[in-house]
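Every number here is computed from the coordinates shown, using simple stated rules; none is lab data. On a predicted model such as this, the values are computed, not experimentally measured, just so you know. Don't worry about glycine lacking a Cβ; one is built from the backbone with ideal geometry, like all the others, and counts go over all protein chains shown.
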Amino acid sequence: MPLMDYKCPNCSGPIKFDPGTQEMVCPYCDSVMDIEALRSFDDCTAQPSESEANVWDYSGSGWGEDEQQGMVSFSCMSCSGEIIGNETLGATSCPYCGNPVVVKSTFAGTLRPDMVIPFKLDKNDAILSLENHYLKKRLLPKVFKERNHLEEVKGVYIPFWLYNADANAHLEFKGTKVRRWSDSRFHYTETSHFRIIRGGNLGFDHVPVNGSQTTDDMLMESLEPYYTADAVDFQSAYLVGYYANKYDVDAAASSPRANERIRNSTVSEFTRTVVGYNTVVPVSSNVRINCGGVRYALYPAWLLGSTWEGQSFIFAMNGQTGKFVGDLPLDKAEKRRLYWKMFAIIAASLLLISQTAIIFLP
């Protein structure tokens with residue numbers, strides 16, 4: 001059931017965003033509308049926010065009065081997830097845990113997104129990706145594919161904070177180079193020790209951090225990358241037919257994760273330049289992050305919920321690229337069989353070596 005409602009100007013039927021054509025389509029009279037034609041429905045005053053060095057800050061803009069009319073916040077009593085819908089939705093289920101959700105309050109108090117990456121893949125693509133996910137999984141129970149019940153397939157826009165920053169780094173390593181040679185009497189080993197210093201600047205654009213406590217950070221980061229080249233200025237028309245998760249972690253509270261990702265990436269990139277040594281040991285690293293702008297974006301994801309033998313399994317697909325992730329059950333009997341097979345191979349190899357080894361004594 002659509003979460004927002006736009007009417008077709010030709011037949012007054014509800015229209016929705018089609019990922020394939022990237023247009024608004026009426027399923028009743030087959031009318032196609034350029035999404036830009038619906039811009040008048042939205043208050044498009046959102047602007048990126050620039051912050052001072054070393055201070056993440058975001059002020060953003062509010063939703064327009066026309067956008068807020070008829071919108072409510074739905075709250076899941078099980079996982080505390082919140083989604084945005086219209087007041088006619090009545091009752092629905094949580095796209096994260098599958099439990100029923102109830103109307104919590106009228107929609108208010110949430111900043112309007114700056115940008116959105118529209119869905120490029122549809123529900124059928126998500127189901128096909130799940131089937132492909134089953135393939136070549138040796139430890140997957142053979143009956144799982146036939147007997148598991150796919151309960152939920154929902155398109156959800158996940159809230160992300162996007163951080164821009166410059167990182168200034170100074171790193172120091174200890175390295176060694178080993179040279180070996182021999183003569184008629186001795187074998188020689190020469191070990192040279194080096195102090196290695198790396199430093200410089202790196203620029204980062206749109207470092208994403210999940211702004212929802214409901215969706216697992218590791219699950220969302222495993223769907224990356226998202227490509228912001230496809231991002232467009234936010235319009236509420238893109239939400240038609242999909243769920244839109246409310247952010248419940250603001251830009252300031254999400255900034256430690258952004259700093260961590262920037263710092264780790266900076267150290268990793270400079271470490272990659274230390275080559276040509278036999279051993280390399282990090283000694284110290286100092287990364288100073290100069291904060292730039294912060295933007296609020298919605299990224300598309302398909303969430304698929306499945307149950308099997310009383311267990312729930314959640315899968316996710318990047319709605320832009322099709323990258324698919326999710327845990328599968330393990331066939332314990334097959335796992336034990338492979339374990340003992342490997343044990344037998346190793347034992348047989350060791351026995352063969354012990355029987356054929358020749359020991360020379362001085």
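Could you sort 207-215, 272-280 so that the peptide with the highest average Cβ count within 10 Å comes first and the rest follow in order? Walk me through the intermediate numbers first.
Numbers: 207-215: 21.7, 272-280: 11.7.
So the peptides 207-215, 272-280, ranked by packing, come out 207-215, 272-280.
Taking every DSSP beta bridge with both residues inside region 155-300, roughly what % is antiparallel (nearest 5)?
Details: 41 of 43 bridges.
Just about 95 percent of them are antiparallel.
Provide, for q = 0.21, 0.23, 0.24 Å⁻¹, the log10 of I(q)/I(0) from a solvent-free Debye sum over equal Cα point scatterers in region 164-247.
-1.15, -1.23, -1.25
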